[in-house]
Amino acid sequence: MSKTAWTLRRLHAPNGAEIDGLAGVLIDCVEGGASVSFMQPLTRERAVTFWRGVAQGVAAGERALLVAEDAQGLCGTVQLLLAQPENQPHRADVLKMLVHRWARRQGLGAALMRAAETTARECGKTLLVLDTVTAADGARLYERLGWVRVGDIPNYAFFPEGGLCGTTYYYRNLDV
Ligand SMILES: CC(C)(COP(=O)(O)OP(=O)(O)OC[C@H]1O[C@@H](n2cnc3c(N)ncnc32)[C@H](O)[C@@H]1OP(=O)(O)O)[C@@H](O)C(=O)NCCC(=O)NCCS
């Protein structure tokens with residue numbers, strides 16, 4: 001298998017091995033300095049607890065969860081928060097786009113986002129929203145894929161090792 005070979009799939013009921021793999025990806029991203037809700041050090045126990053909560057939302061139909069696997073194991077993920085207020089049924093938030101450092105810069109982030117957009121359409125969603133660290137890897141990815149930049153909020157969150165970072169909001173209209 002070449003190093004760029006991966007498979008993408010949607011999980012409807014993540015099992016223990018999949019939750020463990022997702023925890024590994026999240027821990028790697030936090031150790032790598034990504035500002036994705038957690039401070040360092042992120043223990044495996046806390047990461048597993050986080051993904052168990054996500055799995056409950058998936059089982060309830062509130063979230064769609066996509067994962068990527070390569071020869072080394074689970075290497076990427078992205079989520080859609082489908083459950084929205086009753087006046088926004090056409091909208092979803094894109095959350096926790098994470099690619100393990102071993103799998104980066106091979107097009108997986110772009111593939112995950114395209115798959116998330118396809119899944120959103122299948123779920124009847126026509127408007128997607130996300131936020132990401134200002135001027136970081138994710139921001140370049142989303143702009144390259146045609147997401148529209150709304151604006152920045154300075155000092156929005158901490159990097160996992162400390163120090164504040166801004167966030168930038170983006171949206172994508174799937175109708176066009
Ligand atoms: C943001 C993130 C998901 C991107 O994942 P990725 O798999 O590396 O994304 P891609 O491979 O599609 O694109 C990344 C870069 O690799 C380049 N690339 C893609 N395929 C390539 C290839 N075959 N050869 C060389 N470069 C390639 C892209 O052009 C892009 O370049 P850029 O950084 O100069 O813009 C990843 O860096 C990550 O998980 N970061 C930590 C978590 C995070 O910050 N997530 C965003 C939260 S909203």
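Side notes on the structure shown:
- Which listed residue, of 143, 117, is open to solvent by less than 20 Å² (accessible area, probe 1.4 Å), at pLDDT 95 or above, out of contact with any Gly (no Cβ under 8 Å at 6 or more places or on another chain) and of a type in the set (Asp, Glu): 117
- Qualifying residue in the stretch 53-68 (condition: open to solvent by 10 Å² or more (accessible area, probe 1.4 Å), among the charged types (D, E, K, R) and within 20 Å of residue 19 (Cβ to Cβ)): yes
- For the stretch 60-69, the set of residues classified as over 12 Å from residue 9 (Cα atoms) and either out of contact with any helix residue (DSSP H, G or I) (no Cβ under 6 Å at 6 or more places or on another chain) or β-branched (Val, Ile, Thr) (or both) consists of 60, 61, 62, listed by residue number.
- Flag if residue 97 is under 24 Å from residue 54 (Cα atoms), assigned to a strand (DSSP E or B) and modelled with pLDDT of 95 or more: yes
- Total residues in the stretch 41-71, condition within 23 Å of residue 124 (Cα to Cα), in contact (Cβ under 8 Å) with a residue 12 or more places away in the chain and part of a helix (DSSP H, G or I): 5
- Members of the stretch 5-25 that are hydrophobic (A, V, I, L, M, F, W, C) and either more than 9 Å from the ligand (Cβ to nearest atom) or surrounded by fewer than 20 Cβ atoms within 10 Å (Cβ to Cβ) (or both): 5, 6, 8, 11, 13, 17, 19, 22, 23
- Among the conditions (1) within 16 Å of the ligand (Cβ to nearest atom); (2) surrounded by fewer than 20 Cβ atoms within 10 Å (Cβ to Cβ); (3) within 22 Å of residue 160 (Cα to Cα), residue 44 misses just one, which is (1).
- Residues of the stretch 81-114 that turn out to be away from the ligand (no atom under 12 Å from the Cβ) and in contact (Cβ under 8 Å) with a residue 40 or more places away in the chain, as a count: 1
- Filtering the stretch 120-140 to residues that are open to solvent by less than 20 Å² (accessible area, probe 1.4 Å) and basic (Lys, Arg) leaves only 125.
- The residue list 84, 79 contains one member that is in a strand (DSSP E or B) and either in contact with an Asp or Glu (Cβ under 9 Å, 6 or more places away or on another chain) or surrounded by 21 or more Cβ atoms within 10 Å (Cβ to Cβ) (or both), which is 79.
- Look at the stretch 24-38: where a residue is under 13 Å from residue 96 (Cβ atoms) and in a loop (DSSP other than H, G, I, E, B) and a partner is open to solvent by 20 Å² or more (accessible area, probe 1.4 Å) and modelled with pLDDT of 95 or more, sitting 6+ places away or on another chain with Cβ atoms under 7 Å, you get 35/133; 35/157; 35/158; 35/159; 36/96.
- Residue list for the stretch 115-141, filter: more than 8 Å from the ligand (Cβ to nearest atom) and either hydroxyl-bearing (Ser, Thr, Tyr) or part of a helix (DSSP H, G or I) (or both): 115, 116, 117, 118, 119, 120, 121, 122, 126, 134, 139
The values are calculated or read from the model by the stated rules, or taken from the named source; none is laboratory data. In this text, all values refer to a predicted model and were calculated from it rather than measured experimentally. So basically every Cβ, Gly included, is an ideal-geometry build from the backbone, and we count neighbours across all protein chains shown. SASA here: full protein model, heavy atoms, side chains in, ligands and nucleic acids out. Shrake-Rupley method; radii C 1.70, N 1.55, O 1.52, S 1.80 Å.
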